[in-house]
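Working notes for the structure below.
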Amino acid sequence: MSTIAPVNEPTQPVEPRDGPATALIRNRKVPIALAIFTVLGFILLILNHREGISTMVLSTSSDLIQLPDVLLPTWATSVVITVLLAAITGVSFWLAQTYRKTPLWLIALFAFLLLVGFLVWASAGERIPVPGLLFGSLSLAVPLIFGALGGVISERVGVVNVAIEGQLLAGAFTSAIVASITQQPLLGLLAAMVAGVLVSFVLAAFSIKYFVDQVIVGVVLNVLVTGLTGFLFSQVLAPNAAVLNQPPKFERINIPLLSEIPIVGPVFFRQTLIVYIMYIAVAAVYFGIFHTKWGLRLRAVGEHPQAADTVGINVTGTRFWNVSLAGAVAGLGGAYFTLGSVGAFGKEMTAGAGFIALAAVIFGRWDPIRATLAALLFGFASNLQNVLSIIGSPVPSEFMLMLPYLVTILAVAGLVGQSRGPAASGKPYIKS
């Protein structure tokens, strides 16, 4: 005999009228990360405190408005910043306890205070030229930004671009030869883009058409380009350096009025043509990926190629063209080495910049703006160790070189948030 459930005891769970029930989760990753950095800050700034006055120079002699130097007593500043770091960490734990996220602006404030505290501690009794520090950071970050933009485009369309290093090196080599022969840096710039496209075309052909593992193809291309450019440098460029390896560099272009703004002007608006192209490239890639039909198709192919195929998108063609575009963008970054920075091609002169750019792509969560900021972080850390070594800081240079990689590992591990790439990135598409 069957039984009938009482009316007041429903057999199925009933959802509340205002929507489905959601479980509240306390996310303590950010508070724990802030606590770790607060402890490290306490050990450095308080337990290993230094005495003296740290001088932050904010203006250059050519600035229209001269800002006064900022004098910071090292010990007092260290104490204040440590207290503020602890307070922010406490607020973050309180927010997590109440099932709320720590705001991004609060994390940014924490990072800024920690950076100021470290600079004040490291420069006790010395002067730090802030415009020079930031200018050098941007200069070192330019090829990384171009490489990261190429990586974002390529991976958004579903191809892991490990060959950024080879694209940068090919662009640097080709731009040096073409610009030296023609004495036209613009032609060298175009040649660098073509070289980047050729390297990326090989990557696309093997990984998209022949379904070879994309990471393996990228690594092989890096080794091939490194060996080929090294051989040609020794056999061709070095014996004929006066003709083939003395390219004219781009001159700096000062933007009227903007270049006279203290701090910002010398850093952003007294640059070469390649840097200004970089500004446009960052904005164009961001707008294109998220606000155009091209970007929608690109992201669709990178996330769900089967669904994109069913609505008439040519998955293979889309991947080919966009990987080639990524190579052209990365080639511009290679041209910066020879036409905007060093002024001549050197053997293995990129020195792993392509792999750093790939790390910036992951750290930036496959977003052009975030990847650019990540590349700037790498450039800042690299230049900071140069500045600290000049002023005789006790901080080992190896530590500063290690710092951005440590931050990247923490980001990829999910300590500061979830990091997930495009769903179809690295996976060949076989049309059924």
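Does L187 fit the bill of being within 20 Å of A281 (Cα to Cα) and aliphatic (A, V, I, L, M)? Reasoning before the result, please.
Values: within 20 Å of A281 (Cα to Cα): yes; aliphatic (A, V, I, L, M): yes.
Yes.
Name, by its number, the condition in (1) over 30 Å from V329 (Cα atoms); (2) under 21 Å from the mean Cα position of the chain (by Cα) that does not hold for F118. Failed condition: (2).
Taken over the stretch 25-51, the criterion of being in contact with a strand residue (DSSP E or B) (Cβ under 9 Å, 6 or more places away or on another chain) and assigned to a helix (DSSP H, G or I) is satisfied by no residue.
Note on the stretch 218-239: among residues that are buried (at least 22 other Cβ atoms within 10 Å of the Cβ) and of a type in the set (V, I, T), the one that is nearest to E348 (Cα to Cα) is T229. Selection over the stretch 250-274 of residues that are closer than 29 Å to I181 by Cβ, surrounded by 16 or more Cβ atoms within 10 Å (Cβ to Cβ) and out of contact with any helix residue (DSSP H, G or I) (no Cβ under 6 Å at 6 or more places or on another chain) gives a count of 2.
Put simply, of V220, V212 the only residue that is under 23 Å from A328 (Cβ atoms), in the same structural domain as L149 (by TED's automatic domain parsing), free of Cβ contacts under 8 Å to residues at least 40 places away in the same chain and not in a helix (DSSP H, G or I) is V212. Determine if the stretch 187-198 includes at least one residue that is under 17 Å from L332 (Cα atoms), of a type outside the set (S, T, Y) and not in a helix (DSSP H, G or I). No; the residues of the stretch 187-198 include none that is under 17 Å from L332 (Cα atoms), of a type outside the set (S, T, Y) and not in a helix (DSSP H, G or I). Where helices (runs of 4 or more DSSP H) sit wholly within the stretch 292-338, those with at least 3 residues that are among the aromatic types (F, W, Y) and either touching a residue at least 40 places away in the same chain (Cβ under 8 Å) or out of contact with any Pro (no Cβ under 8 Å at 6 or more places or on another chain) (or both) occupy 315-336. Per the conditions (1) surrounded by fewer than 18 Cβ atoms within 10 Å (Cβ to Cβ); (2) assigned to a helix (DSSP H, G or I), the sole criterion not satisfied by L64 is (2).
Does any residue of the stretch 390-404 turn out to be over 25 Å from V199 (Cα atoms), out of contact with any Leu (no Cβ under 9 Å at 6 or more places or on another chain) and surrounded by 15 or more Cβ atoms within 10 Å (Cβ to Cβ)? The answer is yes, given that some residue of the stretch 390-404 is over 25 Å from V199 (Cα atoms), out of contact with any Leu (no Cβ under 9 Å at 6 or more places or on another chain) and surrounded by 15 or more Cβ atoms within 10 Å (Cβ to Cβ).
G288 - would you say it is crowded, with 21+ Cβ neighbours inside 10 Å and at pLDDT 90 or above? So G288 fails the test.
Looking across the stretch 70-105 at every residue that is part of a loop (DSSP other than H, G, I, E, B) and free of Cβ contacts under 8 Å to residues at least 12 places away in the same chain, the one that is surrounded by the fewest Cβ atoms within 10 Å (Cβ to Cβ) is identified as T98.
For the stretch 359-375, a residue qualifies if it is in a helix (DSSP H, G or I), in contact (Cβ under 8 Å) with a residue 60 or more places away in the chain and buried (at least 21 other Cβ atoms within 10 Å of the Cβ), and the qualifying residues are A360, V361, P368, A371, T372, A374, A375. Filtered by the rule that a residue be in contact with a Gly (Cβ under 6 Å, 6 or more places away or on another chain) and crowded, with 24+ Cβ neighbours inside 10 Å, the stretch 320-357 gives A326, G327, V329, A330, G331, G333, G334, A335, L339, G354, A357. Scanning the stretch 344-358 for residues that are out of contact with any Leu (no Cβ under 9 Å at 6 or more places or on another chain) and not in a loop (DSSP other than H, G, I, E, B) yields F355, L358.
Of all residues in the stretch 118-143, none that is without any contact (Cβ under 8 Å) to a residue 60 or more places away in the chain has its Cβ atom under 6 Å from the Cβ atom of a residue that is in a helix (DSSP H, G or I) and surrounded by fewer than 21 Cβ atoms within 10 Å (Cβ to Cβ), 6 or more apart or on another chain.
The values are calculated or read from the model by the stated rules, or taken from the named source; none is laboratory data. Keep in mind that this is a model prediction, so the values were computed, not measured. Note that each Cβ is placed from the backbone with ideal geometry, even for glycine, and that neighbours are counted across all protein chains shown.
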